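Below is one structure; the comments refer to it alone.
The values are calculated or read from the model by the stated rules, or taken from the named source; none is laboratory data. Just so it is clear, the structure is predicted and the values come from calculations on it, not from any experiment. Methodologically, a virtual Cβ is constructed for each residue, glycine included, from the backbone with ideal geometry; neighbour enumeration extends over all protein chains shown.
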């Protein structure tokens with residue numbers, strides 16, 4: 001991790017958990033090197049944000065118009081798979097608006113009082129970032145509706161027939177919500193966001209740009225061939241690309257010449273069980289179970305998760321999106337089915353007609369394996 005430049009703004013954290021407008025990266029403190037490095041690699045301005053051109057241009061228009069009017073912009077909802085830059089964009093929003101940012105998450109707000117405490121301490125124009133907003137408790141969600149629309153909350157004093165609702169006026173502020181599962185957001189909450197941006201997986205060229213920049217920030221000497229190899233195995237996700245870059249750097253420093261070149265990338269990624277298509281241990285375990293144990297399926301999610309020794313949620317949210325997107329696996333009404341590409345990737349021969357006639361569907365199916 002390279003030292004901060006002298007002319008780069010320092011990042012200051014206040015006791016009320018809000019962050020100075022000049023600080024766009026939250027320093028978590030302590031000895032967590034991985035999180036400090038992730039923070040240091042985040043772009044600080046919208047113009048420096050690589051990839052996602054549609055979302056970047058749309059969000060830039062919303063922010064520029066708000067600045068010209070001199071008012072806070074509409075609330076912003078960012079959705080998409082993990083690791084694509086939702087948190088980074090939230091911090092960029094605060095940077096562009098030159099406002100502080102306050103960070104919390106849905107799981108941390110389990111009572112309406114928790115949200116009321118946060119909202120009542122917001123300053124005018126401040127940005128409130130709610131990560132994993134779909135996991136917020138329902139009473140807090142209902143309070144957030146009123147706060148986002150009318151900038152006030154009703155504080156209940158007392159209990160029973162003598163309870164009194166005291167309206168508390170709030171200064172105008174901007175909520176930036178992030179979610180990996182937009183479908184779980186209730187419609188009343190989703191409709192209160194004036195701008196909704198969906199982040200897609202990155203192209204290999206975008207990841208190459210990101211890795212080249214980050215290698216420079218980390219002070220790592222890298223060749224185009226080494227960067228390209230890492231980008232091709234990063235599953236279209238910058239977070240994964242940055243992690244693999246650091247692991248290849250470590251390998252090059254210990255076993256190589258200190259240069260992230262193609263041989264170092266190949267050897268390091270093989271050591272860390274990342275194959276040439278970006279599949280890791282869990283991905284291959286899922287495909288192995290589908291093809292070898294269940295003859296290509298169909299098999300239910302719970303059964304498949306038990307076969308690989310993982311929780312069903314882990315298989316569904318970590319491995320399955322990439323496998324389905326890349327055509328290794330299908331989701332059908334009767335269960336998960338291995339696609340022909342899965343058999344080919346594992347070097348296996350699919351059974352005659354096995355796993356090729358099922359049609360993928362976008363909804364969740366029942367559990368358990370069924371035979372025709």
So is residue 233 crowded, with 17+ Cβ neighbours inside 10 Å and in contact (Cβ under 8 Å) with a residue 60 or more places away in the chain or not? no
Is the stretch 31-50 home to any residue that is farther than 22 Å from residue 212 by Cβ, in contact with a helix residue (DSSP H, G or I) (Cβ under 7 Å, 6 or more places away or on another chain) and in a helix (DSSP H, G or I)? no
Selection from the stretch 337-372 of residues that are part of a strand (DSSP E or B) and either farther than 18 Å from residue 303 by Cα or at pLDDT 85 or above (or both): 337
